[in-house]
Each structure stands twice: as C-alpha cells, then as structure tokens.
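Read the structure below first, then the notes.
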Amino acid sequence: MFEKLLSSLPYNPSLVQQLSFYSKRMRRESIVRRTGIIFLVLAFFVQFFAFISPPQPTIAYSSNDMINGGITSRAEAVSACQSDTKSYGTVLKDFGISCTAVAAAATVSISSKDHNNTLYSMGWLPQGQTNHRTHKATNEVGPLNLVGISAPNTLYGRLLSSFDSYDHSTYKALQVTNTAGKTFFILFDCGNLVAIGQPTPVTPCKYDTTLLSTDAKCYQPCTYNKAIPATSSQCFEACPISGKQTLPKSSPQCVAACPYNKALPANSPKCFSPCTYNKTIPATSAECFPPCEYNQAIPSTNAECKPCDKSVSSVDALACIERHKTATNVTQKLADANNSKANAGDVITYTLTTKNNGKADIKNVMIFENLSDVLDYATVTDPHDGVVNANGAISWPAMTIKAGETVTKQITVTVKSPLPVTPVGATDGAHFDSFMTNVYGDTVTIEIPQPPVKVLETVTTTALPNTGPGTSLATFAAIIIVASYFFARSRLLANEALIAVQDNNSGGF
C-alpha cells in the first residue's frame, strides 16, 4: 500500500493526505509493537531466571531426623553442628565428634550391610525391637545416656539394615572420625549419625556429670579451691594463722594453737582436722569416708555402692526406674489393645507405669512419652495433666519417686476419622506406615486399616523431570526477533511516509 501511494504521489498530489494518514497510523502501530516487545522481553527474563535457577526436589522431614530435611552439603552439616540445631552439635560432642572434624569429613557412599551388617543408625524416636514395616530385627539400644541434653530429648540406635525393604540400601554420607579415632557416618537424607557397632557415647565426667570425661575441666576439684585439680601443687589446706594463709598448714613455719583443740599446739600429733563422719580419727585417715547412702558399712566410693542392681555406679539412680506400658481400646472394650487393629474414631487409653526399684528416693524424675508415631493417625483428647509439645512428646512435671513407689500416668487418644492416606516417607519407613507404635519400657503397636491406595514415596531418579525452560527460552527468543522485525518495519514506513509528505510540501516532487 505504501509503495503504491508513494509511486502515485508525483502525479496526484492530493494523495498526500492519505500518505499523512498512513504515516500517523504506522506510528501508532509502532507504539503498540514496542509495548508488546517490552512485555515479551520481561517474560523472556522470567523464563531465563527459571532456567538458571531450577527447582530442587524436597521431601517432608520426620521428627526422627536429627537434621530436619537432611543435608545437601558438608557445609550444612557444619552449620547445624555450630548452631546446635535440635541439639545436633551436643549429640556429636557426646560421641567425641567436633564441628571441625565434620568440616574435614569426606563424602562417601555406604551400604546398609557394610561392616558385616553392624551399622547402627541413631534417631530421636524409638522403633522397638522389630521394624513393623519390614519385619526385620532392629537390635535397638537406648535411650542413650547423653550429656547436655535434657528429657524428653532421647536418642536411640538401631540396625541401619532393619529399614531395608529389599536386600540392602545405599546411602550418601559424610565419613567423620572422632577424637578416639573411631569412624562415624552422617547420612545426607536425614542427618542421622551412624556408628559401626552399637553406639556408645563418651562417659560423663566422674566429678561433674554435666561434663564429658574427655573435657579438660573434668578433674577432682581441690577441696580448698574448686577452680584447680586436687592433684595441683597449689591444692593445700592453708595455714590457719593470720598472715600466713599463703603457707600450707604442714609448713614448719605454720605454728600456732591447734585450730581444732586450743589446748594443743598446731604441730601436735593430736592436732588434726577430724573426719566429718568420725570425729575420733583424722580427716586424712583411710577410714575417713562418706558412708554409702545405700549401705552405711561401705564408703560411697565403693563400686558396690549402688541404688539398685541395675545401676552401674552410685549416681546412676535412673537405672532403678522400671517402665511399663499398656493400651486399652475403650471403644472396642479391649483391655489389651497391643497388636490389635483399631478403627477410625476408636478411643484408646495408654497407661504408663513408672516404678522405683531402688533403695533410695529418686528426685527430678520426668515421665515423658513420644507420641509422634501415634499422632500420625490419632489426636490426644485427654492428656491427663500432661503437656504435649510441638514434636509430639507428652511429659509431666518432674517429681520425686520414693523407693518402691509406683507412679501411673494415662494418655487418651482418638483415632482420626477419616483416616489419613499419607504415604510412607522415604527417609523414615515408620512414618505413616499404618501402625501406631511407641515405646515406654514395653513396645505397644496398634495396626490401622490401610487406605484403598497406599503409595510408597520412593526416589527413582536423582534429577527432576525436564519441564522445558530451555525450549521456552528458544521460543520466546524467536517471537522477540519476529516482533522486533515488525516493530522496526512499522517505524521505517512511518519515517519514510513523513519524509515523503515533507518533500511534497516543499515541492520536492
């Protein structure tokens, strides 16, 4: 059309009006095309950023995981250790593993049956002696005696191979060495610590149970200066004479009246600090010892000074606690609901019994129960004065349990209706496995009817499917090129029409 008007203009000057109108229309068209190109370029950049920052696969974490959602790199494990997330750094320290050792760990691939099938995976939740999903023995140990972690945070270890649905499984892990040269593994999927053989934390300090035996501050304190060890040359009973306190009492220069018997000189053989437990003998006598709280005939340091047969030392009073658990299906009137099947809406009452089998009262005993697995399919309708936290653990205030006393607590739950159809988690096979399992001394398992469709969450590939961002980028690039061509063409025609009008007005034609 433009070429026709332009070629006819010298012979018909009246066409200049049409050419002027054509120029204005092409300018408006170029504005519209320019706006379209702007939006196309913005859309192109959206696709470009989607291409260079692809989505990452995620899996919902289990409360059994030591690091929620696991880790994707060694740096994430170091960060969790340094920030002590979910007491992770404290747990590693209890096994002699420092954050520096984690930073130096190597990335390896391990099989669940490596080291003659002696790999033990540790987690927060008890599984019982049998994995109810795979029906394999767990050889579970725990709760493990940890330092610096208060109840109800407890740790359990079980065979890594007990989670295998098939012959064995392969895991990506960090290989780390503790201060004693023992090898451990940190699983990428969940952050859980894996030990070779049954896990054994570093023993607590004999003199301060809030410290580890490997801690530099673990020493028998000096009786006269708690800040230094008893073996220090600076640990001595000061001279009681005024002005001579910097001298030991045994110094020949420390001579004065006996502070324990003013009728005797300080250097008299009978001038001695009397034994706290027997005033007729010196405090330094081999027979001067605090009597055992449980047997007055032996000293408290005697290995036989124990609150009960199961305890390993005089301070191991918690070993005297005997725990048992039963479950009653109130709706079905089953007095013993263990290994039974519950239906949607059933009311179940768990009874926890805690007995002190020791010879002395035990103070600050906290009764707690982890209901995480139960709460997959049920809701606590009556905690019976207990408090349920965000992790699914119910606890009661610390109490003193007298020797021989039995304390009973109850928890009432109602099975959800309708039942959840959430599939089994890939990192925790006990999560939504159609069983309500928990352990309080005894393992209680109640089966839940499986939903019509039960799909196991299984990772079959290490990469997400290609959703086509590269194809989209190429398509957008082609569209932008075509749109740019028409935009440039419309501007060129508008400019040429304007020039033709100006030339005509100036008599150029």
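The values are calculated or read from the model by the stated rules, or taken from the named source; none is laboratory data. Treat the numbers as computed from the prediction; the structure is a model and nothing was measured. We place every Cβ from the backbone using ideal geometry, glycine too, and count neighbours over all the protein chains shown.
The table for this structure:
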| item | result |
| --- | --- |
| Count - residues of the range 164-199 that are closer than 21 Å to Val141 by Cα and within 19 Å of the chain's Cα centre (by Cα) | 11 |
| Unmet requirement for Ala327, which otherwise passes all of (1) outside any loop (DSSP other than H, G, I, E, B); (2) of a type in the set (Gly, Ala, Ser); (3) in contact with a helix residue (DSSP H, G or I) (Cβ under 8 Å, 6 or more places away or on another chain) | (3) |
| Residue in the range 226-235 that is part of a strand (DSSP E or B), free of Cβ contacts under 8 Å to residues at least 12 places away in the same chain and either among the aromatic types (Phe, Trp, Tyr) or under 30 Å from Leu146 (Cβ atoms) (or both) present | yes |
| Count of residues meeting criterion [within 14 Å of Leu419 (Cα to Cα) and in contact with an Asp or Glu (Cβ under 9 Å, 6 or more places away or on another chain)] in the range 335-346 | 2 |
| Single residue of the range 188-199 satisfying the filter (assigned to a loop (DSSP other than H, G, I, E, B) and in contact with a strand residue (DSSP E or B) (Cβ under 9 Å, 6 or more places away or on another chain)) that is surrounded by the fewest Cβ atoms within 10 Å (Cβ to Cβ) | Gly197 |
| Among residues of the range 101-136, those that are out of contact with any Asp or Glu (no Cβ under 8 Å at 6 or more places or on another chain) and either part of a strand (DSSP E or B) or within 15 Å of Gln175 (Cβ to Cβ) (or both), counted | 18 |
| Only listed residue being modelled with pLDDT under 85, surrounded by fewer than 16 Cβ atoms within 10 Å (Cβ to Cβ) and of a type in the set (A, V, I, L, M, F, W, C), chosen from Phe39, Phe44 | Phe39 |
| Residue satisfying condition, being in a loop (DSSP other than H, G, I, E, B), within 30 Å of Gln175 (Cα to Cα), of a type in the set (A, V, I, L, M, F, W, C) and modelled with pLDDT under 85, within set Ile59, Ile67 | Ile59 |
| Unique residue being over 59 Å from the mean Cα position of the chain (by Cα), free of Cβ contacts under 8 Å to residues at least 60 places away in the same chain and either farther than 26 Å from Ala319 by Cβ or exposed (fewer than 12 other Cβ atoms within 10 Å of the Cβ) (or both) when the list is Ser273, Ser250, Ser268 | Ser268 |
| Residue tally, condition touching a helix residue (DSSP H, G or I) at 6+ places or on another chain (Cβ under 7 Å) and not in a loop (DSSP other than H, G, I, E, B), over the range 376-420 | 1 |
| Which numbered condition Thr427 fails, given (1) of a type in the set (Val, Ile, Thr); (2) farther than 25 Å from Thr154 by Cβ; (3) modelled with pLDDT under 85 | (2) |
| Residue selected from the range 352-375 under the condition outside any strand (DSSP E or B) and among the acidic types (Asp, Glu), by the criterion surrounded by the fewest Cβ atoms within 10 Å (Cβ to Cβ) | Asp361 |
